[in-house]
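Following: one structure in structure tokens, then a few remarks.
Bear in mind that the values in this text are calculations on the coordinates, not laboratory data. The shown structure was predicted, so the numbers you read here are calculated from the model rather than taken from an experiment. Every residue, glycine as well, gets a Cβ built from its backbone with ideal geometry; the counts of neighbours run over all protein chains shown.
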């Protein structure tokens with residue numbers, strides 16, 4: 001899916017602005033796609049949480065087909081209209097994650113499966129940008145046609161892998177005994193879930209808004225940040241850094257599989273998230289003191305931010321449901337968080353270009369890192385205390 005969402009960010013679109021304003025054209029492209037993606041998350045709160053098993057395969061393939069058609073429009077429309085094509089591209093793609101998570105949640109092996117899924121999107125983001133740069137550099141594909149061409153390369157693998165994913169059997173009786181039965185949520189169940197965890201969820205969602213904005217900024221402006229750090233011409237820099245990040249996140253998340261008790265599993269997930277948040281500030285301090293290189297810093301802040309970010313979309317809500325036995329699916333909570341997160345991402349992007357336009361991307365990102373590190377660690381810790389105290393019943397594996 002990332003081959004249809006992220007390749008355009010490998011281009012810089014230098015010297016172009018939106019209708020002669022201070023907003024750079026690339027920022028307009030990023031915001032336009034994120035608005036579509038955020039709207040998709042709001043739609044996904046209902047659509048994905050109610051999706052039945054029989055409709056997932058056709059829905060996944062249809063969503064990506066629409067996204068690829070939108071990339072064709074991005075290639076052929078006039079520059080000032082291309083933002084509408086990227087909006088149309090983001091609109092279907094925001095629901096892909098939830099439909100895939102539906103297949104993997106509620107299992108005794110969910111940590112392993114979801115950790116692998118999460119690391120695949122970390123790695124994919126770097127790989128598809130390198131593919132995009134390769135198409136532009138080695139084959140002369142223009143910045144505007146490159147996203148469509150990248151999507152074509154990955155279209156058949158996407159269809160095949162989606163078909164294989166659909167062959168996965170549903171959770172068995174042992175899975176449901178340990179992780180609670182999962183079923184589509186109607187409006188009453190969704191409201192009941194939010195009311196039960198209102199205060200701790202509000203804290204988690206607020207932290208997630210800034211974690212999403214941070215992750216998106218690092219992802220969308222990685223070319224500019226690496227260039228300022230002195231790595232602009234280094235081939236394969238994105239794949240190199242994101243492979244390290246992916247495995248740095250995969251190992252600790254996958255190890256949560258070994259914790260069968262849902263109370264301690266949830267406790268460990270919160271601990272990983274807090275450690276990830278704190279590591280952002282520590283690694284940036286090391287960079288400022290000249291103790292580490294720019295590449296090492298980008299890898300470390302990648303690992304730290306994803307350790308805090310990834311559990312939201314994978315193991316965190318799965319473990320909360322397993323521990324508390326609420327009726328429903330983790331996909332619902334994931335999509336509420338994502339909808340709010342990507343809305344915040346748009347706000348941060350606009351703030352950078354309209355308010356902090358005299359600050360370089362690197363300097364803005366560095367300052368953002370310090371603020372996020374302290375703020376998200378406090379919010380996640382407070383939420384963890386409230387959730388873990390709310391229901392002290394521990395579900396032991398039989």
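A few points about this structure:
- Helices (runs of 4 or more DSSP H) lying entirely in region 1-108 (those with 1 or more residues that are over 22 Å from residue 345 (Cα atoms)): 25-50, 56-76, 96-104
- Residue 209 vs. criteria on the phi < 0 side of the Ramachandran plot, buried (at least 17 other Cβ atoms within 10 Å of the Cβ) and touching a helix residue (DSSP H, G or I) at 6+ places or on another chain (Cβ under 6 Å): yes
- Number of positions in region 223-259 that are outside any helix (DSSP H, G or I) and surrounded by 15 or more Cβ atoms within 10 Å (Cβ to Cβ): 3
- Exactly one residue among 156, 164 is closer than 16 Å to residue 68 by Cα and either part of a helix (DSSP H, G or I) or in contact with a helix residue (DSSP H, G or I) (Cβ under 9 Å, 6 or more places away or on another chain) (or both), and that residue is 156.
- Qualifying residue in region 180-203 (condition: within 30 Å of residue 375 (Cα to Cα) and in a loop (DSSP other than H, G, I, E, B)): yes
- Inclusion of residue 177 among residues that are out of contact with any strand residue (DSSP E or B) (no Cβ under 6 Å at 6 or more places or on another chain) and closer than 24 Å to residue 113 by Cβ is warranted.
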